[in-house]
Amino acid sequence: MTAAHVTLCFLLRDGADGGHVLLGTKKTGFGQGKVVGVGGHVELGETASQAACREVMEEINVLVRAQDLIPAGTVDFVFSARPEWNMATTVFLTRAWEGDPSESEEIAPAWFPVAQLPVDRMWADAEHWLPAMISGQRIAVRVDLAADNENVAHVSTMEWADPEA
């Protein structure tokens with residue numbers, strides 16, 4: 001599969017009512033209007049962790065250090081009807097950052113209870129892997145999207161071992 005290498009980083013915090021995750025409403029570009037994780041393309045010469053830190057700063061104005069990233073797994077998105085949209089995604093979690101998340105031109109961030117993810121406003125695949133990764137499972141996921149490029153045709157999951165560990 002030829003795919004763009006991208007990253008996602010999910011900020012996690014504990015609240016009185018349980019765990020929360022920072023997501024954002026995408027304001028521009030691919031996925032506009034959907035609630036998504038913070039992230040984007042890995043640029044030439046960057047590692048996935050460097051890209052995740054850069055993207056978090058660009059999208060929500062928060063400093064995350066690479067040593068504070070928790071590797072969570074990978075998600076390969078396969079768009080059979082639009083293979084140019086295929087993505088190989090490295091997913092990170094973090095509980096450490098500096099600054100308060102704020103809106104950018106691309107993302108309007110908001111905290112959501114982990115137990116009540118806004119799956120009706122997210123890509124259809126998110127409910128298949130995001131809760132597992134947040135809960136500490138380290139998995140490699142392949143998501144095959146349906147011909148409409150929205151719905152999930154098939155999801156496969158296997159245990160994941162961080163190649164950099």
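Might you tell me the accessible area per residue for segment 10-81, computed with a 1.4 Å probe and given in Å²?
Numbers: 3100 Å² over 72 residues.
Counting only protein heavy atoms, the per-residue value for segment 10-81 is 43 Å².
What Kirkwood hydrodynamic radius do you get for the chain when you take the inverse of the mean 1/r over all pairs of distinct Cα atoms, in Å?
Kirkwood hydrodynamic radius for the chain: 15.9 Å.
How about segment 19-57: which GluC sites (Glu not before Pro) there are in a DSSP loop, with at most 11 other Cβ atoms within 10 Å of their Cβ?
Details: sites: E43, E46, E55; in loops: E43, E46.
Taking segment 19-57 and a limit of 11 other Cβ atoms within 10 Å, the loop GluC sites (Glu not before Pro) found are E43.
Dipole size in debye (nearest 20) for the chain around its Cα centre, Lys and Arg Cβ +1, Asp and Glu Cβ -1? List each step's numbers first, then the result.
Working: 11 positive and 24 negative charges, 32 e Å.
In debye, rounded to 20, the chain gives about 160.
Which residue, chosen from G40, A3, G18, occupies the Cα position most advanced towards the positive end of the dipole of the chain, where the dipole is computed from +1 (Lys, Arg) and -1 (Asp, Glu) charges on Cβ about the Cα centre?
G18
Can you give the relative contact order of segment 1-137 as a percent, counting alpha carbon pairs under 8 Å and 6+ residues apart? Kindly include the intermediate steps, with their values, before the conclusion.
Values: 277 pairs, mean separation 44.3, N = 137.
About 32 percent, as a whole number.
If I compute solvent accessible area with a 1.4 Å probe over the protein chains, what percent of it on the chain is carbon and sulfur?
Details: 4210 of 8280 Å².
It is 51 percent, rounded to a whole number.
Just to confirm the filter: which GluC sites (Glu not before Pro) across segment 89-134 are DSSP coil and have at most 15 other Cβ within 10 angstrom of their Cβ? Don't skip to the end; give the middle numbers.
Details: sites: E98, E103, E105, E106, E127; in loops: E103, E105, E106.
For GluC sites (Glu not before Pro) across segment 89-134 that sit outside H, G, I, E and B with at most 15 neighbouring Cβ atoms in 10 Å, the list reads E103, E105.
The values are calculated or read from the model by the stated rules, or taken from the named source; none is laboratory data. Keep in mind that this is a model prediction, so the values were computed, not measured. Heads up, the Cβs are rebuilt from the backbone with ideal geometry, glycines too, and the neighbour counts pull from every protein chain shown. All accessible areas refer to the heavy atoms of the entire protein, side chains included, with ligands and DNA or RNA removed. Shrake-Rupley method; radii C 1.70, N 1.55, O 1.52, S 1.80 Å.
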